[in-house]
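Read through the structure below, which is laid out as structure tokens, and then see the notes.
The values are calculated or read from the model by the stated rules, or taken from the named source; none is laboratory data. Given the structure is predicted, the values throughout are model-derived calculations rather than measurements. Note: ideal-geometry Cβ built from the backbone for every residue, glycine included; neighbour counts use all protein chains shown.
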Amino acid sequence: MNEKVVQFNKSLQIKKFPPLRVGDIVRVHKHIKEGDRERIQVFKGLIIAIKGKQSSSPTITIRRESQGIGVEATFPIHLPSIEKIDLLRRSKVRRAKLYYMRDRTGKAAKMKVRDLSEDEKALAKELQEAEKEQAPKKKNKAKKKESEKKTR
């Protein structure tokens with residue numbers, strides 16, 4: 001039974017994401033379905049924890065502050081509804097879990113920025129180019145759906 005779950009999770013791993021670390025500031029684009037409408041919702045924040053990195057279904061916990069209130073979201077990385085993950089910035093950290101950031105707000109929550117390496121920049125550029133190639137295909141699918149609705 002356990003082996004079937006692992007195989008299923010590995011079959012979902014079709015998207016490429018940048019190598020994520022604790023302390024990264026990322027932007028997660030997720031599909032949201034509300035009734036018959038679909039949209040993409042963006043969640044931008046600091047990765048405070050990565051769990052199950054060696055497993056077939058790792059998760060990341062992202063924290064941000066919205067109107068003075070801390071908001072956390074946990075995303076399985078290979079979730080089909082996640083469109084893409086953009087790596088915006090890396091921070092210098094010395095811990096595997098940044099749960100202490102929950103107690104900090106404002107200037108105390110500021111972290112030292114670490115520049116992306118040349119390899120990371122090249123990988124980010126590759127991912128952006130791959131998304132541009134896939135973008136026209138998605139538009140065509142949307143046009144087909146609209147034309148089907150009009151014919152009905």
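Some values worked out for this structure:
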{"read-out": "Selection count, the range 1-46, where residues are in contact (Cβ under 8 Å) with a residue 40 or more places away in the chain and surrounded by 14 or more Cβ atoms within 10 Å (Cβ to Cβ)", "value": "17"}
{"read-out": "Failed item in (1) in a strand (DSSP E or B); (2) out of contact with any Asp or Glu (no Cβ under 7 Å at 6 or more places or on another chain); (3) over 18 Å from A124 (Cα atoms), with R94 passing the rest", "value": "(1)"}
{"read-out": "Identity of the residue in the range 52-91, touching a residue at least 60 places away in the same chain (Cβ under 8 Å) and over 17 Å from H29 (Cα atoms), that ends up surrounded by the most Cβ atoms within 10 Å (Cβ to Cβ)", "value": "R90"}
{"read-out": "Some residue of the range 98-116 being surrounded by 12 or more Cβ atoms within 10 Å (Cβ to Cβ), within 26 Å of V6 (Cβ to Cβ) and of a type in the set (V, I, T)", "value": "no"}
{"read-out": "Selected residue (criterion: modelled with the lowest pLDDT) from residues of the range 8-26 that are part of a loop (DSSP other than H, G, I, E, B), over 14 Å from F75 (Cβ atoms) and hydrophobic (A, V, I, L, M, F, W, C)", "value": "I14"}
{"read-out": "Meets criteria (acidic (D, E), over 12 Å from the mean Cα position of the chain (by Cα) and under 22 Å from R102 (Cβ atoms)) for E38", "value": "no"}
{"read-out": "Flag if I50 is farther than 16 Å from V71 by Cα and either in the same structural domain as K121 (by TED's automatic domain parsing) or modelled with pLDDT of 85 or more (or both)", "value": "yes"}
{"read-out": "Residue within the range 83-91 that is modelled with pLDDT of 80 or more, of a type outside the set (S, T, N, Q), part of a loop (DSSP other than H, G, I, E, B) and under 24 Å from L20 (Cβ atoms) present", "value": "no"}
{"read-out": "Residue count for the range 47-62, restricted to those that are in contact with a strand residue (DSSP E or B) (Cβ under 7 Å, 6 or more places away or on another chain), under 16 Å from K15 (Cα atoms) and not in a strand (DSSP E or B)", "value": "2"}
